[in-house]
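**Q** Below is the structure I would like to discuss, written out as structure tokens.
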Amino acid sequence: MPACGDGIRDIDEACDDGNLDSGDACTAACQVPGTLLECVTLLQGQGSLDEDVNALLPLSDGSFLAAGSTSVEGQQVGWIGRYGDSSSRPPRSDADGPIWLTLPPPADEGSSSVIDISADASDGYWALLTRGPSEDLIHLDSTGQLDLRVPLMDVVEPAGFAVSANRLLVLDRQIWLVGQGGAPDLWVGRFDIDTQTLTTIFSEDYAGFDDQIWALARNESEIAFAATVNTSPSMDGDVFLNPTSDVLVVRLDLQGVEIGRDIVGSTKPSMATRAYAIAAEGNEGWVVGGVQYATEDLAIVQNAWVTRIHPGEGWVWTSTGPIDDGAAVEDVLVSDRETVAVGGAYAEASKRAWLTAIGLDGQSHWEQDFVDTGYAAAEQTVAIWDHTGQLRTAGRAWNLGETSVLRSCLVAH
């Protein structure tokens, strides 16, 4: 009788390698790893680069939240939507519309984008909304209605300290925020939900040049962030330069006290290493993803970059070779057998959505790239494990200036 794992590819199987193991060339469900399965169309667009998916949040009933930006009458506008479980839909389908969709208005005129979301303890959601050069914390109830807006510049302590936040993490009655401060420029703050005060708990200038934190994660006992720290100037008078950079990974306890740090990057002095994502792995370590490139290369040929660090073992491994040239990591996830990275890769003058899996020893497991039918370019920007442990990603496909789609899919893994 036909069965997955018997070594015979049956008509309803994409592959069959004779076992029920995942983490190899064929999953335990006889699917090719990295294949898009059931999909949900989040929004349709006009091919503007203002349209993006910045965050995903899984919910226990199988639905999920997605957030990002879209283009409305030529203006970038932030959005948050809740979408139903896609597991019963046909592969690559256009799904039903959202359960609810909210476009929170910015506090003043100008562009906006929702760049991160997190659940609270009472069936509501916190989100980080950009509005021009600054950000607001906003709260939505379970139906997507906006019921609170907190401009960060109004509550930050010390008063008047200019901050820009890129990521948030809700922990009990506090919201951790990371990004960039005025001077010095690496910044971590903690917002107290009850008192609505934002306290600076980390502020540092690494080497006297521009720094930025884009990656934040936690495990059971620690919070960690990965910062891109420039090691050379980005300007020479009126001339823009390609600064060299490293990645600073700082670990804090849950009270905000630093307990360790590592510098990772390249041993070559002319390289830039940028961190866009960090994830906890089960052995007290952390996986960081981003991009590397040679600063003297005027074409800026980038290479996707993933590294694992461990507080007791240091910099354990970094990706070399198996990851395609021209790719960039936008998000990383860690399972009990491998790291999954998603992003985009340039190929043949176009951008392709891109996914890869790397074993916990740093060896490549699989790699996939694709462009949706009817679109010239695509990329994956975020990834999560859903309520059942399945891999869900989201991103966009577009024909510049014409049409686009923001979409989320379950992925064979």
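**Q** Here is a list: ALA357, ALA345, ALA328, ALA376. Which entry is in contact with a Pro (Cβ under 8 Å, 6 or more places away or on another chain) and either of a type in the set (Ser, Thr, Tyr) or within 23 Å of SER408 (Cα to Cα) (or both)?
**A** Numbers: ALA345 fails: in contact with a Pro (Cβ under 8 Å, 6 or more places away or on another chain); ALA328 fails: in contact with a Pro (Cβ under 8 Å, 6 or more places away or on another chain); ALA376 fails: in contact with a Pro (Cβ under 8 Å, 6 or more places away or on another chain).
None of the other options fit; the residue is ALA357.
**Q** Another question, then. Please determine whether any residue of the range 174-184 is assigned to a loop (DSSP other than H, G, I, E, B), open to solvent by 20 Å² or more (accessible area, probe 1.4 Å) and either small (Gly, Ala, Ser) or in contact (Cβ under 8 Å) with a residue 60 or more places away in the chain (or both).
**A** Initial filter on the range 174-184 (assigned to a loop (DSSP other than H, G, I, E, B)): 182-184.
Applying the additional criterion that residues be open to solvent by 20 Å² or more (accessible area, probe 1.4 Å) yields 182-184.
Now restrict to residues that are either small (Gly, Ala, Ser) or in contact (Cβ under 8 Å) with a residue 60 or more places away in the chain (or both): 182-183.
Among the residues of the range 174-184, at least one is assigned to a loop (DSSP other than H, G, I, E, B), open to solvent by 20 Å² or more (accessible area, probe 1.4 Å) and either small (Gly, Ala, Ser) or in contact (Cβ under 8 Å) with a residue 60 or more places away in the chain (or both), which makes the answer yes.
**Q** Mind checking whether some residue in the range 177-184 is in contact with a helix residue (DSSP H, G or I) (Cβ under 8 Å, 6 or more places away or on another chain) and within 16 Å of VAL250 (Cα to Cα)?
**A** Filtering the range 177-184 for residues in contact with a helix residue (DSSP H, G or I) (Cβ under 8 Å, 6 or more places away or on another chain) gives 177.
Subsequent filtering for residues that are within 16 Å of VAL250 (Cα to Cα) retains 177.
The answer is yes, given that some residue of the range 177-184 is in contact with a helix residue (DSSP H, G or I) (Cβ under 8 Å, 6 or more places away or on another chain) and within 16 Å of VAL250 (Cα to Cα).
**Q** Can you tell me which condition ALA383 does not meet? The list is (1) open to solvent by less than 50 Å² (accessible area, probe 1.4 Å); (2) farther than 17 Å from LEU406 by Cβ; (3) assigned to a strand (DSSP E or B), and all the others hold.
**A** The number of the failed condition is (2).
**Q** Which of the strands (runs of 3 or more DSSP E) found entirely inside the range 1-81 contain at least 2 residues meeting this: open to solvent by less than 10 Å² (accessible area, probe 1.4 Å), small (Gly, Ala, Ser) and modelled with pLDDT under 85?
**A** Working: elements: 36-45, 52-58, 64-72.
It comes to none.
**Q** Shifting gears a bit: I need the full set of residues from the range 202-217 which are buried (at least 16 other Cβ atoms within 10 Å of the Cβ) and either aliphatic (A, V, I, L, M) or in a strand (DSSP E or B) (or both), in order please. Give the steps one after another, and end with the answer.
**A** To start, the set of residues in the range 202-217 that are buried (at least 16 other Cβ atoms within 10 Å of the Cβ) comprises 202-204, 206, 209-217.
Matches in the range 202-217: PHE202, SER203, GLU204, ASP211, GLN212, ILE213, TRP214, ALA215, LEU216, ALA217.
**Q** Further, regarding this structure: Could you pull out the residue among ASN242, ASN230 that is at pLDDT below 90, closer than 29 Å to GLN380 by Cβ and surrounded by fewer than 22 Cβ atoms within 10 Å (Cβ to Cβ)? Before the answer, list the steps.
**A** Details: ASN230 fails: at pLDDT below 90.
When all the criteria are applied, what remains is ASN242.
**Q** Taking the range 155-173 only, how many residues are at pLDDT 90 or above and either open to solvent by 60 Å² or more (accessible area, probe 1.4 Å) or hydroxyl-bearing (Ser, Thr, Tyr) (or both)?
**A** So the count comes out to 1.
**Q** For the structure I just gave you, tell me whether ARG308 is more than 27 Å from LEU128 (Cβ to Cβ) and either under 18 Å from the mean Cα position of the chain (by Cα) or open to solvent by less than 10 Å² (accessible area, probe 1.4 Å) (or both).
**A** Values: more than 27 Å from LEU128 (Cβ to Cβ): yes; either under 18 Å from the mean Cα position of the chain (by Cα) or open to solvent by less than 10 Å² (accessible area, probe 1.4 Å) (or both): yes.
So ARG308 passes the test.
**Q** Could you go through the range 267-287 and let me know if any residue there is closer than 17 Å to ASP210 by Cβ, surrounded by 15 or more Cβ atoms within 10 Å (Cβ to Cβ), touching a strand residue (DSSP E or B) at 6+ places or on another chain (Cβ under 7 Å) and basic (Lys, Arg).
**A** Yes; the residues of the range 267-287 include at least one that is closer than 17 Å to ASP210 by Cβ, surrounded by 15 or more Cβ atoms within 10 Å (Cβ to Cβ), touching a strand residue (DSSP E or B) at 6+ places or on another chain (Cβ under 7 Å) and basic (Lys, Arg).
The values are calculated or read from the model by the stated rules, or taken from the named source; none is laboratory data. Predicted model, so just to flag it, every value in this text is computed and none were measured. Don't worry about glycine lacking a Cβ; one is built from the backbone with ideal geometry, like all the others, and counts go over all protein chains shown. With ligands, DNA and RNA removed, areas are computed over all heavy atoms of the protein, side chains included. Shrake-Rupley method; radii C 1.70, N 1.55, O 1.52, S 1.80 Å.
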